[in-house]
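Notes for the one structure printed next.
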Amino acid sequence: MSAQGTPSAAGRTAGVSDTIRQTPKGAWTVTFLLFLFMVVNFADKIVVGLAGVPIMTDMKLDAEQFGLLGSSFFFLFSISAIVVGFIVNKVPTRWVLLTLAVIWALAQFPMVGTVSFTTLLICRIVLGAGEGPAFSVAAHAIYKWFPDEKRTLPTAILSQGSAFGVILAVPALNWVIVNHSWHYAFGALGVAGLIWVCAWLTFGREGPLEDAQVLAATEPKIPYVQLLTSRTFLGCVIATFGAYWALSLGLTWFTPFIVKGLGFSQSQAGFVSILPWVFGATVVILTGWISQVMMARGYTTRISRGVLGSVPLIIGGLILAMMAHVQGAGLQIALLVVGSGLCGAIYVVCPPMLGEFTPASQRGAVLAIYGALYTLSGIIAPSVMGTVIQRAGSMLDGYMTGFTINAVVMVGSGALGLLLLWPNTEKARLTRGAAPQAAALKGAISPT
């Protein structure tokens, strides 16, 4: 046994020893690095929306073209997520994460100089391919450091990287855009990505709680068709699809809405644009903490994860639906901030729920497929908003119609999630026949 207390093969497989339930030394260092990984990830995502008005002005783009640009980021996002998800079942996450971060950085630099719409489109597609697997691979990496009952809080911290990526990046990037050029904002993100690569090379490590080769040999396998058609998997995809609809609109259309729809200046919009993410960060960390406390007090994961994640999504959609029926920019912004910010709860609970019943040797692929499916809304939502705005009687009416559509999607997906998310009973159903198989495999490897 190593100094970090690496468990035996039997302990890894059983998942019940005291050793495996301890958090190894270095776990929180890796969690912090992956939090920064997600900070860079979401700063990369937000820059097009933040610079939306200057980009549309300089490149003479209409709303539909800008909607296409926002959607292009997701063209290869899902495909890449699935491919890389199967790769991380076999390859250490340390090297996969490093490769992804290098791709992000290199995809930003072409925008520093004069660029055509086609080049900008291609670079966003490449960036999306590099960022598609990011969250699922990072979550898979963290779960190699924490046992199941301790995973919700680190997942919340990882998810918070998205909020802080916006909170920290928006003021800095907006300053660059206003005082210099939107081109240099992309270059700054490329440099930030390379700095993270250096930090990860120095401090990044693979988690000691799971050995891929041992798990592959001893752990019972569940057919992927059963995992991917289980009601909890489908519930996670549907619920997070609705939440990501709101997130992708925030990334692409929030700042243009503030500037063109409500009449704020670009400088003012830089401050207003971080408000949903500040509120969302609070929701995320509270959800992670409350979930972990509820589990410690004996609540089932159906309640402490499934219900806790779905209900805020429904409430958020109902709040967002009120936007079109109130007057005043301040009140409309408040409803948009609170309604979209409540979506963050579902991101905290779904990956741990999937990890509950998915064998560790298959978890990377399942998390990636989950991510690939729910992020399809990232292709649809920005384009739908652009089309609605283009065809509306007025720009503000178009925005309000688009946000109403978002509200309907959120309420519907949240309600379906509430009906479908039963991870505790899912585990029992899917693993009912797995114990004899595991015992036979274990005996074949170690007859004693």
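The values are calculated or read from the model by the stated rules, or taken from the named source; none is laboratory data. None of these values were measured; they are calculated from a predicted model. Note: ideal-geometry Cβ built from the backbone for every residue, glycine included; neighbour counts use all protein chains shown. Accessible surface areas use protein heavy atoms only, side chains included; no ligands, DNA or RNA. Shrake-Rupley method; radii C 1.70, N 1.55, O 1.52, S 1.80 Å.
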Looking at segment 326-338, is at least one residue crowded, with 23+ Cβ neighbours inside 10 Å and either of a type in the set (A, V, I, L, M) or modelled with pLDDT under 90 (or both)?
yes
Consider only pairs whose beta carbons are under 7 Å apart and that are at least six residues apart or on different chains; among these, list those whose first residue lies in segment 418-429 and is of a type in the set (Phe, Trp, Tyr) and whose second residue is buried (at least 19 other Cβ atoms within 10 Å of the Cβ) and part of a helix (DSSP H, G or I).
TRP422/THR232; TRP422/GLY306
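A quick yes/no check of all residues on (1) more than 21 Å from the chain's Cα centre (by Cα); (2) under 30 Å from LYS90 (Cβ atoms); (3) in a helix (DSSP H, G or I):
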position	(1), (2), (3)
VAL176	yes, no, yes
LEU201	yes, yes, yes
ARG205	yes, yes, no
LEU209	yes, yes, no
PHE279	no, no, yes
Restricting attention to segment 370-390, does a residue exist that is more than 22 Å from SER78 (Cβ to Cβ) and modelled with pLDDT of 90 or more?
yes
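Table: residues versus (1) of a type in the set (A, V, I, L, M, F, W, C); (2) touching a Phe, Trp or Tyr at 6+ places or on another chain (Cβ under 7 Å); (3) open to solvent by 60 Å² or more (accessible area, probe 1.4 Å).
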| position | (1), (2), (3) |
| --- | --- |
| LYS25 | no, no, yes |
| PHE66 | yes, no, no |
| LEU69 | yes, no, no |
| SER78 | no, no, no |
| VAL88 | yes, no, no |
| ARG94 | no, no, no |
| LEU100 | yes, no, no |
| LEU106 | yes, no, yes |
| GLY113 | no, no, no |
When (1) part of a helix (DSSP H, G or I); (2) within 24 Å of SER361 (Cα to Cα); (3) modelled with pLDDT under 90 are applied to LEU228, the one that fails is (3)
Yes or no: GLY317 crowded, with 24+ Cβ neighbours inside 10 Å, modelled with pLDDT of 95 or more and within 17 Å of GLY412 (Cα to Cα)?
yes
So is ILE274 open to solvent by less than 40 Å² (accessible area, probe 1.4 Å) and more than 19 Å from THR240 (Cβ to Cβ) or not?
yes
What about GLY190, is it among the small types (Gly, Ala, Ser), farther than 22 Å from GLY371 by Cβ, open to solvent by less than 40 Å² (accessible area, probe 1.4 Å) and part of a helix (DSSP H, G or I)?
yes
Selection status of THR99, within 16 Å of CYS350 (Cβ to Cβ) and not small (Gly, Ala, Ser):
no
Restricting attention to segment 385-417, and to residues there that are hydroxyl-bearing (Ser, Thr, Tyr) and more than 17 Å from CYS343 (Cα to Cα), which single residue is surrounded by the fewest Cβ atoms within 10 Å (Cβ to Cβ)?
SER394
Which members of segment 414-448 meet the condition of being assigned to a loop (DSSP other than H, G, I, E, B) and either closer than 30 Å to PRO312 by Cβ or at pLDDT below 50 (or both)?
LEU421, TRP422, THR431, SER446, PRO447, THR448
So GLY298, is it open to solvent by less than 10 Å² (accessible area, probe 1.4 Å) and more than 17 Å from LEU421 (Cα to Cα):
no
Filtered residue count, segment 134-174, keeping only those that are under 20 Å from GLY250 (Cα atoms) and not hydrophobic (A, V, I, L, M, F, W, C)
7
